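The values are calculated or read from the model by the stated rules, or taken from the named source; none is laboratory data. These figures come from a predicted structure and were not determined experimentally. Quick reminder, even Gly has a Cβ in these numbers, built from the backbone with ideal geometry, and neighbours come from all protein chains shown. Quick note on the areas: whole protein, heavy atoms, side chains included, nothing else; ligands and nucleic acids left out. Shrake-Rupley method; radii C 1.70, N 1.55, O 1.52, S 1.80 Å.
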Amino acid sequence: MAAQAPVDEIAQLSVSDAATTKPKPGLDSATATNGNLNRDSDDSDDDAENAAPGAETGPAKKKKKRKPKKKKKNPTAQSDPPRVLISQLFPDKVYPKGEEVEYVNENRYRTTNEEKRHLDNLKNDFYNDYRHAAEAHRQTRQWAQKNIKPGWSLTDIANGIEDSVRALVGHQGLEEGDALKAGMGFPTGLSLNHCAAHYNPNAGNKMVLQQDDVLKVDIGVHVNGNIVDSAFTLAFNPRYDPLLEACKAATNEGLKQAGIDARLGEIGGYIQEVMESYEVELDGNTYQVKPIRNLNGHTILPYNIHGGKSVPIVKSNDQTKMEEGDVFAIETFGSTGNGYVHEEGEVSHYAKRMDAPKVDLRLSSAKSLLNVINKNFGTLPFCRRYLDRLGQDKYLLGLNSLVANGVVESYPPLVDKKGSYTAQFEHTILIRPTVKEVISRGDDY
């Protein structure tokens, strides 16, 4: 989920300017059953009856032997759509690591240092929660990449992704507090073309994916508040391939430069250099791919998708360093437009502020809605459809009141100039004491 750069810092950034439907497929409605596995029963009823004294008895009947019930085996492969719990696919509850990359230069000693290895081992539960969330992310996005095609509505795409995430982590989020245990880390971003981030269809949205669209898919999965934030871009016309490649290469460069003591402003410079080395030819015009200079990567804290540090995607004078224990979302956005976004359109994304003030809310609808938000989302971002599925209605007045009072933050869609195209790639990285771990890395990107 994108972090927007403060407006007063934009002027300090260094940027190189450049010259300038098929029938809708149905979704499989299969759902997961999260109950207990059947157990063998050793109990059997005694079928023999005691005969009365002196009564005549016939030939003794043979007891039928009951065949023992076979124990159900844990599934070994994921279903389509994904509905098998990740915890069933990994019965020992030890989940796959991401890509581990050793530190270099003065931090090379960390890989084998006993003290650092001990510090690493102290956080095994934390890492395992992140790996659990990352595996759910990988399996969900693999399904999405395979199945999303022109002709799908954005609502069907969002529901397909979010239903899969909830099924894989085993928390549907319909009971009070359930979504705080595991599930969606934030609403799925489905931003088209010149819209770069923070678009999710509200109820009644009829938008359908077209053959010539460029779709950013930004998915957040959390386990115990530990959020994996990773995004990719889909395009069905090969003319957009250089734009996608520019963002993928720039994100990988950011990951390469990340590490303990790395300065955030310098990382932005490396990202910018890679991004601007790509060009896209569209309708006879050649466009240098521009990094969107007011969108940033960011740290991730428990139940807080935007932490205190930002990773620019252009060179800046920010001397802030990455530190041991940080968790970062390294994300890049490329554009054929201005390389600068502004807020525009109907809001779908919201989140309760970490520093929300205590306000005497006058509207009863605002008070009751805040209670719902606290019990079901806390400070995790949510969207209107999430309130709809909880059975909330007529809540917009109360929601707008919470925004106006500074209790809830709204996140409008972020767009570049109309007619331009934008792309995004993103990974979550753990800055561990011994190595850096690209927790969301997969075979796809």
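For a quick protection proxy, order the peptides 76-83, 369-376 by their average other-Cβ count within 10 Å, most packed first.
369-376, 76-83
Based on C-alpha coordinates, I'd like the Rg and Dmax of segment 101-140, in Å.
13.4, 38
For segment 391-442, what relative contact order do you get, as a whole percent, if you take Cα pairs closer than 8 Å and at least 6 residues apart?
17
With the alpha-carbon atoms as the only input, what is the per residue convex hull volume for segment 345-435 in Å³?
Hull volume normalised by residue count: 167 Å³.
Could you check how much of the accessible area of the chain is carbon and sulfur, as a whole percent, using a 1.4 Å probe?
Carbon with sulfur: 46 percent of the solvent-accessible area.
Tell me, what HN-Hα J-couplings in whole Hz come from the Karplus equation 6.51 cos²θ - 1.76 cosθ + 1.60 at θ = phi - 60° for each residue of segment 215-226, using x for Gly and Pro?
Listing the rounded values in order: 10, 8, 10, 10, 10, x, 10, 10, 10, 6, x, 8 Hz.
Determine the calculated [θ] at 222 nm for the chain from helices alone, applying -39500 (n - 2.57) to every DSSP H run no shorter than 4 residues and normalising by the residue count; nearest 500 deg cm²/dmol.
Result for the chain: -7500 deg cm²/dmol, rounded to the nearest 500.
Quick one: in the chain, what % of C-alpha pairs are over 28 Å apart?
54
Starting from the amide H of VAL408, placed 1.01 Å from N in the peptide plane, find each other amide H under 5 Å away whose residue is 5 or more places distant or on another chain.
Here ARG353, VAL403 satisfy the definition.
Taking segment 147-276, how many lysine pairs are there with alpha carbons less than 29 Å apart, if each pair must be eight or more places apart or span two chains?
8
Using a/c under 1.5 as the rounded threshold, could you call segment 133-281 rounded, prolate or oblate? The axes a ≥ b ≥ c are square roots of the C-alpha gyration tensor eigenvalues, and prolate needs a/b larger than b/c, oblate otherwise.
It is oblate, given that a/c is not under 1.5 and a/b is not larger than b/c.
Between Rg and the Kirkwood Rh of segment 203-318, both from Cα atoms, what is the Rg to Rh ratio?
1.02
As an exercise, take the mean of 1/r over every pair of distinct alpha carbons in segment 211-253, invert it, and state the Kirkwood radius in angstroms.
Radius from the Kirkwood sum: 11.9 Å.
At a temperature of 10 °C and a viscosity of 1.306 mPa s, determine how fast segment 279-420 diffuses translationally according to Stokes-Einstein, using the Kirkwood radius over alpha-carbon pairs as Rh; express D in µm²/s, rounded to the nearest whole number.
90
Under the 0.36 nm per residue contour assumption, what length would be gained going from the current alpha-carbon distance of SER410 and ASN121 to full extension?
Once the chain is fully extended between SER410 and ASN121, it gains 100.2 nm.
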